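A short reminder: the numbers here are calculations on the coordinates, not readings from a lab. What you see is a predicted model; the values in this text were computed from it and never measured. When we count neighbours, we look across all protein chains shown, and the Cβ atoms used for this are built from the backbone with ideal geometry, even at glycine.
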Amino acid sequence: MYDTLDMNILEILFEDARIAPEKVAVMAGASVDDVKARIKKLEGDRVLIKYPAMINWERTDRETVQAVIEVRVQPQRDSGFDAVAARINQFDEVTSLYLMSGAYDLMVTVEAPTLMKLASFVSSKLSTIESVTGTATHFILKTYKYGGVNFEGEKDDRRLAVSPLWIMAAL
C-alpha cells in the first residue's frame, strides 16, 4: 500500500512539518514532483492529516486546565465502543480520544479555560452519556515530554570533555 519512499516522507514531515518539498526530496532521494504527488496522495488518504505546531503553553500567558479522563463504557450492541467514542469526540473540550485495554475503555484528554468549566464538562456532558458507567479524572500539572519532545530542554551536557592532558597531547 505505502512503500519505503512514502514512509520516509512521513518520517521527515513528522520530525519537522515545515520542511519544504524540495528539501524532503533531497532527504528522501526522490524528485520534487514525486514528493509533492505522494504528499498529496497521503493527504487524500488521510494518512497525513494535519501539520501542527508543537507549543509549550506553560511558557506563555495562556491559562488552561488540562486533564486525562479514564472512561468506563458499556459497549453498544452493533457498534461496540465506536458510537460512544463518536459522541464524546464531538465535544469541543476533547483534545484526544483513545480506545484502551485494561481497567478502563476510553482515555480522553480534555482542555478547558477554568477548573469549573472542566468540572462542568465531566459532570454535565461526559458522565451523562447513557453508556458511560464511570470516570476518573487526572489533572495535568506539568508537561515534561510530549510527542517525543522534551519540554524541559536538554539537561545533559553532550559536549566532549576537554582536559589539560588532552590539550597537551594535541600539541
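Data overview
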{"read-out": "Partner lysines for LYS36 [C-alpha distance under 21 Å; skip if fewer than 8 residues away on the same chain]", "value": "LYS23, LYS50"}
{"read-out": "Given charges at Cβ of Lys, Arg, Asp, Glu: the chain dipole, positive-most of ASN8, ILE19, SER120", "value": "SER120"}
{"read-out": "Translational diffusion coefficient (Stokes-Einstein; Kirkwood radius from C-alpha pairs) of the chain at 25 °C, 0.890 mPa s, in µm²/s", "value": "121 µm²/s"}
{"read-out": "Potential extension, LYS41-GLU22 segment - 0.36 nm per residue separation minus Cα distance", "value": "5.1 nm"}
{"read-out": "GNM result for the chain, Cα springs below 10 Å: residue of VAL65, VAL35, VAL132 fluctuating most strongly", "value": "VAL35"}
{"read-out": "Stokes-Einstein D for segment 6-83, Kirkwood Rh over Cα pairs, 20 °C, 1.002 mPa s (µm²/s)", "value": "134 µm²/s"}
{"read-out": "Computed helical MRE - 222 nm, the chain, DSSP H runs ≥ 4 contributing -39500 (n - 2.57), nearest 500", "value": "-9000 deg cm²/dmol"}
{"read-out": "Dimensionless Rg ratio for segment 79-148, taking C-alpha atoms and the 2.2 N^0.38 Å reference", "value": "1.14"}
{"read-out": "Along the chain, longest interval not containing exposed trypsin sites (Lys or Arg not before Pro), exposed being DSSP loop plus at most 10 other Cβ atoms within 10 Å", "value": "78-141"}
{"read-out": "Residue with peak Gaussian network fluctuation, the chain [Cα springs, cutoff 10 Å], from LEU48, LEU141, LEU97", "value": "LEU48"}
